[in-house]
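Asker: Take a look at the following structure, please.
Read the figures in this text as sums done on the coordinates, not as results from a lab. Treat the numbers as computed from the prediction; the structure is a model and nothing was measured. Glycine gets a Cβ as well: all are built from the backbone with ideal geometry, and neighbour counts include every protein chain shown.
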Amino acid sequence: MRLSVVGLGKLGSPLAAVLSSKGFEVVGADLNPSYVEAINAGRAPVVEPRLQELIDQSKGRLTATTDVQFAVATTDATFVIVPTPTGPDGVFIMDYVLDAAKPIGRAIAGKSGYHLVVLTSTVMPSDTQAKLVPALEKASGKTCGVDFGVCYNPEFIALGSVVYNMLNPDFILIGESDAKAGALLETIYSRSCEKPPVFAHMNFINAELAKISVNSFVTMRISFANQLARICDHLPGSDVDVITNAIGLDTRIGRKYLKGAVSFGGPCFPRDNVAFAKMAANLGTEAPMALATDKMNQDYLDHLASRIERLLPAGGTTGLLGMSYKPDTGVTEASPSIELAKRLLQANGKVVAHDPLALLESKEKLGDKVEWAATAADCAARADVLVILVPWPEYAGLKPGMLKNGGQDVIVLDCWRLLPFDEFSKVCHIELVGKPR
Ligand SMILES: NC(=O)c1ccc[n+]([C@@H]2O[C@H](COP(=O)([O-])OP(=O)(O)OC[C@H]3O[C@@H](n4cnc5c(N)ncnc54)[C@H](O)[C@@H]3O)[C@@H](O)[C@H]2O)c1
C-alpha cells in the first residue's frame, strides 16, 4: 500500500518518516518548498528527536512534492496534517483543511479504485462530517463511504517525543465514515506501531469530542497539581512532590501530568481546552471545569510573576532558565516563559534568558528587550533572581559556585525542584515552588 502525507510540519514529517521506516512507500506533500527539498535531500525539515534517524532508515521509500494532487493520485491512502489555527472566537479554523481537500478531491476524481482520506489535524466536533466530507465529494464528484472513505484520526503526541509516541501509542482513535475505512486504517497502524495497538473505533463526532476531551482533562490535572503547589507554598512543612507522588499511586488518579510547577503552555493544551469550553457555549451549554482550568492557568502565571517581583531587588535583573513550553523542543508557542518575560518587561524589569533549543524562536518573540545568555551559568552570572522555568536536564547541573553576579549572591526560584536544596541553601537564598522552607 502506498501512502501520502499532506502537510510535512511538526507532526506530518514525523508521521511520514515513521510510515516509510516501517516499509510503506510514502509521498509527502507540502506547499512549503523548503520542507519538500529537505525530505528529498534526506534531511529532517523540523527539529524532533529521532526524526533524522527514521528518515535515514527509509532508504528511498520517502519522497516529497509540492503537488498535493500528484501525491494523492499516486497513493492509496492520504493523511491530512495541515494547520487548524484558533480563530478569534476560540474555535479551530478549517481553511487549510478545506484548501487541501480540493486537490485531494480532484485526485480521487481521476482514480478508478477506492481511496482513504485520514484527517489527523485537530478539528471541532462536527467539522469532519459537515465540512471535510462535502468538500471532498464536491471536488471528486464521488460519494464518501462508497468510492472513498474518510477517517478522523487525531494524534496524541507531545513535541519532543513525537516519534516515540507514534511508534508506541496508548491507543489509536478512529472516527470512521464506514467500517471499510476504519479497517483499512487499522491495517496501516498494525504495521507501523512497535506493539499491537489498541483501537477505539467510533463515528466522527465521538472521535472529535474525544480528542479535545483528552487535552481538556490533562490540563485539568496539571492545574490541580499547580493548585496544590500554591497551597503548599503557604503551608509550612508541606511538600507538593510528596503529596502528588502518593496520590498518584491511587489507580483512580495515576502519576502522569501531576507535577505542581509552572502553568501549562504549547501549541495544543491551552487552545484545545479553550475550544472545549467554546464548543459547549456554542451548543448552548457550559463547560465550567474547562473554564476554571483556563482561569487557574492564567492566575497561576500571575502568582509566579508576583513571587518573582517580591524576590527581585529594586532595578534588578531576572534570569529565566527555559523559554520553550517544555523540555526537548524549541517550540515557544503559548510558552509560560515568554508570557512571564513579557510581564516582567512591562513592569520595567530587566530580563536575561537562556534555552538550549528555543533561543531563536524566543528572540523573534521578545527581540532585544531581553538579554540572551549563551549558557545557563552565563544566565546565572547576569541575574539577581534566577528562575528555573523548564526542567531541561542540563539545568540540574548548575553548581552553587555559579550563583554569583559580580560578587553578589543570586536568589534562586526553582519551580521544578531540580537543584539539591541543602547544598544550595548553604551558599544562597533558594526557594522551591510547592515546598516552603
Ligand atoms: N504540534 C503539535 O504538538 C500537535 C499535537 C496534536 C495535534 N496537532 C494538530 O496537527 C495539525 C498540524 O499541526 P503541526 O504542528 O504539524 O503544524 P505545522 O504548522 O508544523 O505544519 C503544518 C504544515 O502543513 C502545510 N500546509 C498548509 N496548508 C497546506 C496545504 N493546503 N497543502 C499542503 N500542505 C499544507 C504547512 O506548510 C506546514 O508545513 C494541527 O491541526 C494541530 O492542531 C498538533
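Asker: Can you tell which of Val427, Val331 is exposed (fewer than 15 other Cβ atoms within 10 Å of the Cβ), in contact with a helix residue (DSSP H, G or I) (Cβ under 8 Å, 6 or more places away or on another chain) and either assigned to a loop (DSSP other than H, G, I, E, B) or touching a residue at least 40 places away in the same chain (Cβ under 8 Å) (or both)? Give the steps one after another, and end with the answer.
Answerer: Values: Val331 fails: exposed (fewer than 15 other Cβ atoms within 10 Å of the Cβ).
Every option except Val427 fails the conditions.
Asker: Val26 - would you say it is in contact with a strand residue (DSSP E or B) (Cβ under 8 Å, 6 or more places away or on another chain) and away from the ligand (no atom under 13 Å from the Cβ)?
Answerer: Answer is yes for this residue.
Asker: Is there any pair linking a residue in segment 153-178 that is without any contact (Cβ under 8 Å) to a residue 24 or more places away in the chain to one that is near the ligand (Cβ under 9 Å from one of its atoms) and assigned to a loop (DSSP other than H, G, I, E, B), with Cβ under 6 Å and at least six apart or on different chains, and which?
Answerer: Asn165/Ile157
Asker: Can you tell me which residue among Val36, Val118, Val97 is in contact (Cβ under 8 Å) with a residue 12 or more places away in the chain, outside any loop (DSSP other than H, G, I, E, B) and more than 22 Å from the chain's Cα centre (by Cα)? Reasoning before the result, please.
Answerer: Numbers: Val118 fails: more than 22 Å from the chain's Cα centre (by Cα); Val97 fails: more than 22 Å from the chain's Cα centre (by Cα).
Residue meeting the stated conditions: Val36.
Asker: Within segment 1-33, count every residue that is assigned to a loop (DSSP other than H, G, I, E, B) and polar (S, T, N, Q).
Answerer: Summing the residues that are assigned to a loop (DSSP other than H, G, I, E, B) and polar (S, T, N, Q) in segment 1-33 gives 1.
Asker: Would you pick out the residues in segment 87-144 that are out of contact with any helix residue (DSSP H, G or I) (no Cβ under 8 Å at 6 or more places or on another chain) and more than 16 Å from the ligand (Cβ to nearest atom)?
Answerer: Pro88, Ser112, Gly113, Ala130, Val133, Pro134
Asker: Pairs please, first residue from segment 44-58 and without any contact (Cβ under 8 Å) to a residue 60 or more places away in the chain and under 16 Å from Gly23 (Cα atoms), second anywhere and within 16 Å of the ligand (Cβ to nearest atom) and not in a loop (DSSP other than H, G, I, E, B), Cβ atoms under 7 Å, 6+ apart in sequence or on different chains.
Answerer: Ile55/Ala17; Ile55/Leu62; Ser58/Ala17
Asker: So Lys195 ticks every box in (1) out of contact with any Phe, Trp or Tyr (no Cβ under 7 Å at 6 or more places or on another chain); (2) within 21 Å of Arg255 (Cα to Cα); (3) more than 13 Å from the ligand (Cβ to nearest atom) but one. Which box is left unticked?
Answerer: Going through (1) out of contact with any Phe, Trp or Tyr (no Cβ under 7 Å at 6 or more places or on another chain); (2) within 21 Å of Arg255 (Cα to Cα); (3) more than 13 Å from the ligand (Cβ to nearest atom) one by one, Lys195 breaks only (2).
Asker: Considering only segment 209-220, I want to know if a residue exists there that is buried (at least 21 other Cβ atoms within 10 Å of the Cβ), small (Gly, Ala, Ser) and in contact (Cβ under 8 Å) with a residue 12 or more places away in the chain.
Answerer: Yes.
Asker: Follow-up question, since we're still on this one. Listed residues Ser324, Ser337, Ser362; which is closer than 30 Å to Thr120 by Cβ, of a type in the set (Ser, Thr, Tyr) and not in a helix (DSSP H, G or I)?
Answerer: It is Ser324.
Asker: Right, next: Considering only segment 250-277, state which residues are touching a residue at least 40 places away in the same chain (Cβ under 8 Å), among the aliphatic types (A, V, I, L, M) and within 25 Å of Arg417 (Cβ to Cβ).
Answerer: Across segment 250-277, the qualifying residues are Ala261, Val262.
Asker: In addition: Restricting the search to segment 164-178, which residues are over 14 Å from Leu19 (Cβ atoms) and either buried (at least 21 other Cβ atoms within 10 Å of the Cβ) or touching a His at 6+ places or on another chain (Cβ under 8 Å) (or both)?
Answerer: Correct list: Leu173, Ile174, Gly175, Glu176, Ser177.
Asker: Right, here's the next one. Given the criteria in a helix (DSSP H, G or I) and under 31 Å from the mean Cα position of the chain (by Cα), does Ala383 qualify?
Answerer: Answer is no for this residue.
Asker: Scan (1) in contact (Cβ under 8 Å) with a residue 24 or more places away in the chain; (2) of a type outside the set (Lys, Arg); (3) surrounded by 16 or more Cβ atoms within 10 Å (Cβ to Cβ) for the single condition Asn282 breaks and write down its number.
Answerer: Only one criterion in (1) in contact (Cβ under 8 Å) with a residue 24 or more places away in the chain; (2) of a type outside the set (Lys, Arg); (3) surrounded by 16 or more Cβ atoms within 10 Å (Cβ to Cβ) is unmet by Asn282, namely (3).
Asker: Of all residues in segment 181-201 being loosely packed, with under 14 Cβ neighbours inside 10 Å and farther than 18 Å from Ala158 by Cα, which is farthest from the chain's Cα centre (by Cα)?
Answerer: Thr187
Asker: While we're on this one: For residues in segment 145-189 being within 15 Å of the ligand (Cβ to nearest atom) and part of a helix (DSSP H, G or I), which is nearest to Pro267 (Cα to Cα)?
Answerer: Per the criteria, the residue is Val162.
Asker: Can you tell me which residue within segment 393-409, out of those that are aliphatic (A, V, I, L, M) and assigned to a helix (DSSP H, G or I), is farthest from Arg382 (Cα to Cα)?
Answerer: My answer is Ala396.
Asker: From the list Arg255, Arg307, exactly one residue is in a helix (DSSP H, G or I) and either farther than 23 Å from Asp127 by Cα or within 17 Å of the chain's Cα centre (by Cα) (or both). Which is it?
Answerer: When all the criteria are applied, what remains is Arg307.
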